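J.: Quick one: structure below, then a few questions.
What follows draws every value from the coordinates through simple rules; no lab data is involved. Keep in mind the model is a prediction, meaning the values are calculated, not measured. Virtual Cβ from ideal backbone geometry, glycine too; neighbours counted across all protein chains shown.
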Amino acid sequence: MEFDDERITKFFLVPTSGACVHTPPPPANQIVLVDFPEGMTITSLYQPIWVEGVLEVEKKVADVTYVDGAMDVETVYTMKAVEITDYQL
């Protein structure tokens, strides 16, 4: 959702890969709006990650442009990330 040069600083964390690239988005209780001012470089929208931080209940609405249109996306969870790492099995 927000970038600083090539580093993403704010994004939606969704339950399955690709869940937020088309309409309709997942339900509000399945989306976390993550703020990571430090930013991270992503290699793929489908890259699984671990996000560490404090999860808060806070309703937010963001206007998002998808591959098939634009829509307001609502979430009831936010997180200020302190660390993001690649998901490892």
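J.: Excluding P25 itself, calculate the net charge of residues whose Cβ lies under 11 Å from the Cβ of P25, where each Lys or Arg counts +1 and each Asp or Glu counts -1.
T.: Neighbour charge sum, excluding P25 itself: -2.
J.: Follow-up question, since we're still on this one. Over the chain, calculate the relative contact order: mean separation of alpha carbon pairs under 8 Å at least 6 apart, over the residue count, as a percent.
T.: Worked out over the chain, it gives 32 percent.
J.: Could I ask something else about it? HN-Hα J couplings of the range 24-30 from phi, Karplus 6.51/-1.76/1.60, θ = phi - 60°, integer Hz, Gly and Pro as x?
T.: These are the phi-based 3J(HN,Hα) values: x, x, x, x, 4, 7, 10 Hz.
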